[in-house]
1. Do you know which residues across region 157-191 are closer than 20 Å to E208 by Cβ, in contact (Cβ under 8 Å) with a residue 40 or more places away in the chain and β-branched (V, I, T)?
2. Report, by residue number, each residue of region 71-103 that is charged (D, E, K, R) and out of contact with any Pro (no Cβ under 6 Å at 6 or more places or on another chain).
3. In region 143-172, which residue that is of a type in the set (V, I, T) and in a loop (DSSP other than H, G, I, E, B) is farthest from C127 (Cα to Cα)?
4. Can you name every one of the helices (runs of 4 or more DSSP H) wholly within region 1-92 that holds 3 or more residues which are touching a Gly at 6+ places or on another chain (Cβ under 7 Å) and surrounded by 12 or more Cβ atoms within 10 Å (Cβ to Cβ)?
5. Would you pick out the residues in region 173-212 that are surrounded by 15 or more Cβ atoms within 10 Å (Cβ to Cβ), hydrophobic (A, V, I, L, M, F, W, C) and in a loop (DSSP other than H, G, I, E, B)?
6. Going by what's in this entry, would D173 be described as among the acidic types (D, E), more than 26 Å from S9 (Cα to Cα), over 19 Å from the mean Cα position of the chain (by Cα) and modelled with pLDDT of 95 or more?
7. Which condition breaks for V131 when tested against (1) farther than 19 Å from S31 by Cα; (2) in contact with a Leu (Cβ under 8 Å, 6 or more places away or on another chain)?
8. Considering each residue of region 38-71, count those that are touching a Ser or Thr at 6+ places or on another chain (Cβ under 9 Å) and among the basic types (K, R), and give that number.
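The values are calculated or read from the model by the stated rules, or taken from the named source; none is laboratory data. Computed from a predicted structure; not experimentally measured. Ideal geometry is used to build each Cβ from the backbone, glycine not excepted, and the neighbour counts take in all protein chains shown.
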Amino acid sequence: MAKAGTLYSVHPSVKMVQSVIAGMKEKTGRSMDEWVKFIKKEGPKTVEARRDWLKDEHGLGTNYAWWLADWSVGKQTEDGDPDKYLAAAAKYVESMYSGKKAALKPLHDKLITVGRSLGKEVKVCPCQTIVPFYREHVFAEIKPSTNTRIDLGFALAKFVTEKRGKLPARLIDTGGLQKKNRITHRIPIAAAGDVDDEVKRWLKTAYELDGE
């Protein structure tokens with residue numbers, strides 16, 4: 001669910017990173033704060049060099065090395081902080097619809113309203129270039145693909161592989177099924193009238209498939 005006062009929900013990855021932070025001392029011998037202080041005092045100057053140093057000199061895996069190097073310079077701290085993530089999420093959306101894409105923002109807002117109306121389990125979790133909808137997994141996503149068009153993507157792999165029916169020509173194959181991506185089809189949205197009953201029906205279908 002969305003946090004009160006915001007359209008958006010905390011990305012599922014934040015909880016995962018919080019779990020990593022909580023177990024870091026046990027796994028690596030230092031807590032997050034201890035690592036950051038150590039890196040600032042003893043590590044190389046650049047983020048890139050710190051990543052390599054943490055892997056080569058301290059035996060950390062790639063994910064730990066990248067997280068710690070980034071955190072040591074104040075980057076990506078929203079990955080493990082719900083409030084910081086939500087603040088960053090709003091900025092991601094603002095940036096997505098800046099400049100020539102500004103006219104698409106009302107369409108984005110309308111799609112968010114439709115998506116959230118599907119059920120209380122829906123989480124809307126912006127990233128830097130897309131806005132995924134989650135139930136258990138990503139079941140749809142909003143992507144402002146051009147200055148005049150949003151692509152609304154759907155996760156319909158189960159519908160296709162289980163041959164549950166015929167897809168309309170309006171649903172464009174993204175190649176996701178072959179690439180093993182969650183989003184398998186999209187519908188271009190260029191005007192408010194494009195968010196019609198058919199779009200709502202397929203959004204609901206994707207939502208329900210993810211709940212099975």
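1. I183
2. Those that are charged (D, E, K, R) and out of contact with any Pro (no Cβ under 6 Å at 6 or more places or on another chain): K75, E78, D79, D81, D83, K84, K91, E94, K100.
3. T148
4. 12-22
5. Passing the criteria: I183, V195.
6. So D173 fits the description; yes.
7. Every condition holds for V131 apart from (2).
8. Counting residues in region 38-71 that are touching a Ser or Thr at 6+ places or on another chain (Cβ under 9 Å) and among the basic types (K, R) gives 4.
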